[in-house]
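Report on one structure; see the data block that follows.
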Amino acid sequence: MSAEGGNRAVIAALSANLGIAATKLVAFALTQSSSMLAESVHSVADSGNQLLLLLGGRRAKQAATDEHPFGYGRARYFYAFIVAVVLFAVGGLFALFEAWSKWQAPHPIEGWRWVPLAVLGVAITLEGYSLRTAVLASNRIRGPQGWVSFIRTAKAPELPVVLLEDVGAQLGLLCALVGIVLTLVTGDGRWDAAGTAAIGLLLVVIAVVLAIETRSLLMGESASPSDVAAIRFALIGPGVTSVIHLRTEHLGPDELLVGAKIEVPGANSAADVAEAIDAAESRVRAAVPIARVIYLEPDLRRAGDPPEA
């Protein structure tokens, strides 16, 4: 569900951004507004980012190889990190540079003065559709979590990326709208430059947040507390009396590695231990279906072992 919803949100965002980018570029050509240019580059960068997310999802489906025995699930994290870099460099830094240039040599909006307002109105509508799609897809999987918690803890990167991009796009459009309106009213092009600078700062902040979150996923995050508790509970059963220690790590958004040392009765035969391990693995997979790679080490509890949680 999360992958399907994420792809739907990415495709909706890509469709909106392609149309918006073309419209903004026409508006810039007609008016020479720096806010329009910054927003054009922003939309082009966002379109490229959505293509990167789709590419990451495709690469993550490659079968495991000898060189990558756990598969390519983390490709989705890698491409999400590249999205953050692109957003920072292409979107944020370019907008800040353009704002500085316009501030140094301000000029009023030229030519078709009404065009930027019409373009911004269309862009806000299309971005709102994209944001609505991302919100609806996120609501299906985030449960009772708040939005900040969802973005920080989500293991599938597509929805948080699209959510942040769409929120940033809407705020950026509002900054551009304010800057352009004030420029039209006052004839002072520095308001246009200020709107462009606000867009650049906004994109840099969003890019940094994305980089921090995807960096954590790339380095390897454990399962959620609820999944860890479910795995620990599922391990206990016939032939397994306790869990000595448990480690989990996401190999991708939909694949979890589980390693555990489990206590087995001392009198059990090797066949009994093997049967208990097989049964424990089946219980774990039934409780947490994304737990696809499981390694269990049978042992006896000794003095000094941590108490069972």
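The values are calculated or read from the model by the stated rules, or taken from the named source; none is laboratory data. Since the model is a prediction, treat every value here as computed from it, not as a measurement. In this analysis, Cβ positions are derived from the backbone assuming ideal geometry, glycine residues included, and neighbour counts consider all displayed protein chains.
Brief remarks follow.
- The condition (being assigned by TED's automatic domain parsing to the domain that holds GLU39, at pLDDT 85 or above, crowded, with 16+ Cβ neighbours inside 10 Å and closer than 23 Å to THR23 by Cα) is satisfied by just one residue among VAL115, VAL167: VAL167.
- Residues (buried (at least 19 other Cβ atoms within 10 Å of the Cβ), under 30 Å from ALA194 (Cβ atoms) and not small (Gly, Ala, Ser)) located in the range 47-85: ASN49, GLN50, VAL83
- The condition (being modelled with pLDDT of 85 or more and in contact with a Lys or Arg (Cβ under 9 Å, 6 or more places away or on another chain)) is satisfied by just one residue among TYR72, TYR79: TYR79.
- Considering the range 1-110, the qualifying helices (runs of 4 or more DSSP H), each wholly inside and each with 3 or more residues that are in contact (Cβ under 8 Å) with a residue 24 or more places away in the chain and closer than 18 Å to PRO160 by Cβ, run over 2-31, 34-60, 75-86.
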